């Protein structure tokens, strides 16, 4: 018999785990084993303090209730692995369309425990297609920047296994992948070689940008020529600003949650402010 769960949200009820279909909420393909084990220990000691969210299917089989998981894939898996829990506390919502279900699950997964770049790219790309390939709608649904949405779409649609692995291991960034794909004119093999070059040459962010710009402007040039050009000294105009601890912490949080580089966060914030003040139309 299932124990009473202390502290669950009002409105939650017990739902049989066997009646739950994971559906679009099961975004994670690679779960952090240590985090999952910690969650299992917590459930053993305290029970499940936060219910999952499920959507009741409108046309289940006769005499059988079925639910689609919206939020809580880690909690469901932890309970499944414990083996002694047949039911789980759940808030049951009205039927939603697939876009809303996937958006809710993606947002919850991203901010509760970081998803791998591969899992995020797959979920974002599916959502991007469901929303008619409108990155602004995906951004609004998930809290990402539109540019970040497109970077994940590029990684999913054009990224090779090597590219995905390099991004995951922080050898290159999502921005690097996007730039090299565009610079290579969507020649995926060439883009992969360009990414390998910036890793081998240990290029700085500015050198990576110069490398991509040269390759884009000179499509027939060899990669070695682009490398040589990237290493040439350049006079650049930079704006140096002393950040308060509050702003610095905010930038760091934005980088982590939006998966953006520091210069991207700063440039976007500056652009938005200038637009709000009417200096950019």
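The values are calculated or read from the model by the stated rules, or taken from the named source; none is laboratory data. Keep in mind that this is a model prediction, so the values were computed, not measured. So basically every Cβ, Gly included, is an ideal-geometry build from the backbone, and we count neighbours across all protein chains shown.
Tabulated values for the structure
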| read-out | value |
| --- | --- |
| Members of segment 244-279 that are surrounded by fewer than 13 Cβ atoms within 10 Å (Cβ to Cβ) and not in a helix (DSSP H, G or I) | 244, 277, 278, 279 |
| Check on residue 135, crowded, with 19+ Cβ neighbours inside 10 Å and modelled with pLDDT of 80 or more | yes |
| Number of the exception - residue 139 against (1) touching a helix residue (DSSP H, G or I) at 6+ places or on another chain (Cβ under 6 Å); (2) part of a helix (DSSP H, G or I); (3) closer than 14 Å to residue 117 by Cα | (3) |
| Members of segment 14-40 that are at pLDDT 85 or above and surrounded by 12 or more Cβ atoms within 10 Å (Cβ to Cβ) | 14, 15, 16, 17, 19, 20, 40 |
| Residues being over 17 Å from the mean Cα position of the chain (by Cα) and not in a helix (DSSP H, G or I) - total across segment 142-188 | 6 |
| Only one of 7, 11, 63 that is in contact with a strand residue (DSSP E or B) (Cβ under 8 Å, 6 or more places away or on another chain), more than 28 Å from residue 118 (Cα to Cα) and modelled with pLDDT under 80 | 11 |
